[in-house]
Amino acid sequence: MAESHPVRISRGGPPRAVRGTATRAESELPPPEQRVNRGGTQRALRTGFVFLFAMVMVYAILAAYDRSAPGGASSSAFVGFEWFTLFAGLIAVGGFLFALSPAPRWVELRSDSIVVKGRFGSSRRFPLDATYATSLIRRLPAGWLSSEPLEVVEVRSQGVRRTYLVETGLIPLGDGASLG
């Protein structure tokens, strides 16, 4: 809360309290710490590419079967094959984007809040108040999908609940009282 200082007005009125723009405590706050989520991004990308590879393989097998079957793509039913190709492409792109979505780009730790920058440009601010809480859902060891150990962390604040795939320790675990 801002400190009030009495100010004397020369017109003879009683002194009034004037609120300053920033308090001493606010001006002495440390700068926010921004942490990049390299391990979570690496795992999300590799998982997305594994999904794309699997989709291409399934598509290739079904396309080869369709070409060899009587009445397949070699006949007048080629329009159905085009729709199948379009549908498979949409599923592949959607699945790849879905694999990327739980891994934020970075997390910014502030003295009063945590800001999470999402994969596709959105930012979410979680104030460190009485409603803030985190819980660890799962720990993932380093492996061929990620060179860093990871955590799946659920963050809750003011009725909002989000789940993120982040490097170990990127989002502090605990409630708002223990963090702030």
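Per-structure values
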| item | result |
| --- | --- |
| Exclusive hit being under 30 Å from Tyr59 (Cα atoms), surrounded by fewer than 18 Cβ atoms within 10 Å (Cβ to Cβ) and out of contact with any Ser or Thr (no Cβ under 7 Å at 6 or more places or on another chain), set Thr168, Thr85, Thr163 | Thr85 |
| Residues of segment 33-49 classified as more than 16 Å from the chain's Cα centre (by Cα) and loosely packed, with under 14 Cβ neighbours inside 10 Å, total | 2 |
| Boolean, Ser113 is more than 21 Å from Leu97 (Cβ to Cβ) and without any contact (Cβ under 8 Å) to a residue 24 or more places away in the chain | yes |
| Condition met for Arg119 (closer than 30 Å to Val58 by Cβ and in contact with a Lys or Arg (Cβ under 9 Å, 6 or more places away or on another chain)) | yes |
| Matching entry among Val115, Val153 (being in contact with a strand residue (DSSP E or B) (Cβ under 8 Å, 6 or more places away or on another chain), among the aliphatic types (A, V, I, L, M) and closer than 23 Å to Gly48 by Cα) | Val153 |
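Quick note: the coordinates plus some simple rules give every number you see, no bench work behind them. Since the model is a prediction, treat every value here as computed from it, not as a measurement. Positions of Cβ are backbone-derived with ideal geometry, glycine not excepted, and every protein chain shown enters the neighbour counts.
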